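Visitor: The structure's right below; bear with me while I get my questions together.
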Amino acid sequence: MARKGGLGRGLSALIPDGAPGDPETAPRDERVPATDVAIEDVIPNPQQPRTVIDPERLAELAESIKLYGIIQPLLVTQERGQDGRVVYQLIAGERRLRAAKAAGLERVPVTIRQTTPQELLEIAIVENVQRADLNPLEEAVAYQRLIADFNLTQAQVAERVSKSRVAIANTLRLMDLPVEVRASITAGEISEGHGRALLGLPSPADRLTAWERVVAEGLNVRQTERMVREWGGTEAKPSKPRQPKPEVRGPAAITQGFEDAVQRALGTKVTLKRNQTGRGSLTIHFYSDEELTGVLERILGEGVL
């Protein structure tokens with residue numbers, strides 16, 4: 001079935017033809033009308049999904065802007081401020097705007113586009129996602145806002161940001177982590193892979209305790225996945241993990257390798273049991289209907305269900 005409008009084609013679907021994909025390095029396209037406005041008249045986007053900006057990258061961009069100016073105009077929408085004066089609410093270009101202020105610019109080039117509140121958020125998400133500027137938790141919060149504020153389904157969000165529904169579901173699951181763990185991912189202390197592994201534990205208390213061990217011992221993602229498996233993944237288990245088992249070898253190591261591979265492929269905990277005759281069972285664990293749907297889509301392919 002053909003897609004219906006919107007953001008399915010990414011940022012290029014929302015900006016006039018010819019606008020470049022990298023707004024900080026691409027040459028200005030003369031076919032895109034732009035005008036210079038006072039930088040004080042450009043106000044932040046309240047829907048901006050990005051909350052963390054690398055200060056070093058920002059300083060580098062500010063130095064570049066001092067030398068060359070802003071090469072690609074900011075994308076804005078025109079509004080009336082509370083005092084009646086015309087202001088320009090930023091749609092895309094948060095980092096360029098901050099760097100321009102740091103560089104001491106008084107005026108900046110802008111391209112004006114009229115948008116709805118939903119488009120304002122969608123465009124900001126797409127721009128940042130396409131340029132990999134959002135950390136995983138910022139993405140999760142942004143997707144959650146699209147779902148909560150505009151009653152979109154995960155499939156509709158996926159279409160608008162050009163990602164699979166499974167990818168959206170997996171990112172949203174990070175919001176189930178304790179706030180301390182989410183902050184740790186945002187700060188870069190642990191990775192998104194660590195967070196996904198910790199979601200294999202059923203309770204927030206267990207996830208928090210396991211995270212503390214990950215940080216204290218500097219466990220990598222594979223070690224974290226192993227720890228979660230050894231923990232047991234059930235509410236009946238104690239709040240602290242058992243000591244790691246000795247490294248296995250031979251057929252048991254092969255079975256564990258298969259288990260690890262399937263777990264990574266499906267994005268959820270699996271348990272593989274085999275006997276000496278080669279017979280056994282593969283158990284796939286899930287913790288919600290949406291996660292079950294995501295697992296089945298990974299096995300059967302999207303659009304089958």
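Visitor: Name the residues in region 56-86 that are assigned to a strand (DSSP E or B) and crowded, with 19+ Cβ neighbours inside 10 Å, would you? First the steps, then the outcome.
Guide: The first filter runs over region 56-86 and keeps only residues assigned to a strand (DSSP E or B), leaving 74-80, 86.
L74, L75, V76, T77 - these are the residues of region 56-86 that are assigned to a strand (DSSP E or B) and crowded, with 19+ Cβ neighbours inside 10 Å.
Table: residues versus (1) of a type in the set (V, I, T); (2) closer than 26 Å to E40 by Cα; (3) assigned to a strand (DSSP E or B).
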| position | (1), (2), (3) |
| --- | --- |
| R95 | no, yes, no |
| A99 | no, yes, no |
| L121 | no, yes, no |
| V141 | yes, no, no |
| A155 | no, no, no |
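Visitor: Search region 101-110 for residues being of a type outside the set (D, E) and not in a helix (DSSP H, G or I), and hand back the single one that is nearest to the chain's Cα centre (by Cα). Steps first, please.
Guide: Pass one, region 101-110, residues of a type outside the set (D, E): 101-105, 107-110.
The next check asks that each one be not in a helix (DSSP H, G or I); those that pass are 103-105, 107-110.
Details: A103: 29, G104: 32, L105: 31, R107: 32, V108: 29, P109: 29, V110: 27 Å.
Among those that are of a type outside the set (D, E) and not in a helix (DSSP H, G or I), it is V110.
Visitor: Modelled with pLDDT of 85 or more and surrounded by 15 or more Cβ atoms within 10 Å (Cβ to Cβ), is that true of L152? Before you say what the answer is, go through the steps one by one.
Guide: Working: modelled with pLDDT of 85 or more: no; surrounded by 15 or more Cβ atoms within 10 Å (Cβ to Cβ): yes.
No; evaluated as a whole, the condition is false for this residue.
Visitor: Separate question: Tell me the residue from V110, V157, V126 that is crowded, with 22+ Cβ neighbours inside 10 Å, out of contact with any strand residue (DSSP E or B) (no Cβ under 7 Å at 6 or more places or on another chain), on the phi < 0 side of the Ramachandran plot and modelled with pLDDT of 80 or more, please.
Guide: Numbers: V110 fails: out of contact with any strand residue (DSSP E or B) (no Cβ under 7 Å at 6 or more places or on another chain); V126 fails: modelled with pLDDT of 80 or more.
Checking each option against the conditions leaves just V157.
Visitor: Given the conditions (1) modelled with pLDDT of 70 or more; (2) out of contact with any helix residue (DSSP H, G or I) (no Cβ under 9 Å at 6 or more places or on another chain); (3) surrounded by 15 or more Cβ atoms within 10 Å (Cβ to Cβ), report the number of the one that G232 does not fulfil.
Guide: Here G232 meets the rest and fails (1).
Visitor: Could you run through region 186-229 and say how many residues are of a type outside the set (A, V, I, L, M, F, W, C), within 22 Å of the chain's Cα centre (by Cα) and surrounded by fewer than 18 Cβ atoms within 10 Å (Cβ to Cβ)? If you could, list the steps in order and put the result at the bottom.
Guide: First pass over region 186-229, keeping only residues of a type outside the set (A, V, I, L, M, F, W, C): 186, 188-189, 191-196, 200, 202-204, 206-207, 209, 212-213, 217-218, 220, 222-226, 229.
Subset that is within 22 Å of the chain's Cα centre (by Cα): 186, 188-189, 191-196, 200, 204, 207, 220, 222, 224-225.
Filter once more, keeping what is surrounded by fewer than 18 Cβ atoms within 10 Å (Cβ to Cβ): 186, 188-189, 191-193, 204, 220, 222.
Final tally of qualifying residues: 9.
Visitor: Residue check: is Q47 within 24 Å of E119 (Cβ to Cβ), at pLDDT below 75, polar (S, T, N, Q) and in contact with a Lys or Arg (Cβ under 8 Å, 6 or more places away or on another chain)? Give the steps one after another, and end with the answer.
Guide: Details: within 24 Å of E119 (Cβ to Cβ): yes; at pLDDT below 75: yes; polar (S, T, N, Q): yes; in contact with a Lys or Arg (Cβ under 8 Å, 6 or more places away or on another chain): yes.
Yes, satisfied.
The values are calculated or read from the model by the stated rules, or taken from the named source; none is laboratory data. Bear in mind the structure is a predicted one, so any value in this text is a computation, not a measurement. All Cβ positions, even for glycine, are placed from backbone atoms using ideal geometry, and neighbour counts span all protein chains on display.
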